[in-house]
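Nothing in this text is a laboratory measurement; each read-out follows from the coordinates by a stated rule. What you see is a predicted model; the values in this text were computed from it and never measured. Here Cβ is always computed from backbone atoms with ideal geometry, including for glycine, and neighbour counts include all displayed protein chains.
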Amino acid sequence: MDFIGQIFIDFATPDVWRLYSTALNAAKDRSVHVNVTWEEFLTEDIDPDGVIPPRIRLLGACAAVRDAHPDSHQRFVRALLTLVFQEKDDPKKDTTLAVAARVAGLDGDEVIARAVDPGLGLLRAWSAAARERGVDAVPTIISSGPPLHVKLTGAANYGSPVMRLDLIARILRDDGIWEMTKPPSAG
């Protein structure tokens, strides 16, 4: 199975980590080829003159890395995902950015210096372009058709990640024939 596409993410949504973990675990199976890009997406408007929330600063750093070091972008994003969601590193600390930069083979001081300027400007521009393509939440996957916003509960950590990823891939391929929703759980 080939799982291909762009996945739009942030560092505040647990569903992003669940999808990332599912993809990683599925990729351990030799029959699965995961070929996706993890792309930063700004889900909220921010005041450039106000206080920048730490998780948005991380997104700005990702955008700055994509601009200045495109070959290192995916390694940097994946390192940040692991640091923030799995290792529970503090997104307020420069050390989080510095460690991700080191993992990606980049200079931490340069990444930190570019996180807000030009990072946030690039993030706004790229997020606006993604919105024009229909992205409005994270995680959202675009493969060969309309965007698919995926919500995963904690149950996503159980069962076969290969089957789960295959289901998502089939929905992406057949997206023109259905729309699925579930009512809110009573409770």
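For Rg/Rh (Cα atoms, Kirkwood Rh), the value computed from the atomic coordinates appears in the list [x] 0.97; [y] 0.93; [z] 1.17 under label [x].
Considering only the other residues whose Cβ falls under 14 Å of the Cβ of residue 153, what net charge follows from Lys and Arg at +1 and Asp and Glu at -1?
Details: positive: 18, 151, 164, 182; negative: 15.
With Lys, Arg at +1 and Asp, Glu at -1, the neighbours total +3.
Taking neighbour counts of Cβ atoms within 10 Å as a proxy for exposure, in what order, fewest first, do 135, 77, 162 appear?
On the way: 135 21, 77 26, 162 18.
By the 10 Å Cβ count, ascending, the order reads 162, 135, 77.
Check each of the GluC sites (Glu not before Pro) in the range 1-56 and keep only those in coil by DSSP with at most 11 other C-beta atoms within 10 angstrom; list them in order. Of the GluC sites (Glu not before Pro), the ones in loops of the range 1-56 whose Cβ has at most 11 other Cβ atoms within 10 Å are 44. Checking every one of the trypsin sites (Lys or Arg not before Pro) in the range 15-98 against DSSP loop status and a limit of 16 other Cβ atoms within 10 Å picks out 28, 30, 88, 92, 93.
When 149, 69 are arranged by Cβ crowding within 10 Å, least crowded first, meaning fewest neighbours, the order is 149, 69. Go ahead and set up a Gaussian network model of the chain, Cα springs under 10 Å, then flag whichever of 49, 109, 166 fluctuates most. The residue with the greatest mean-square fluctuation here is 49.
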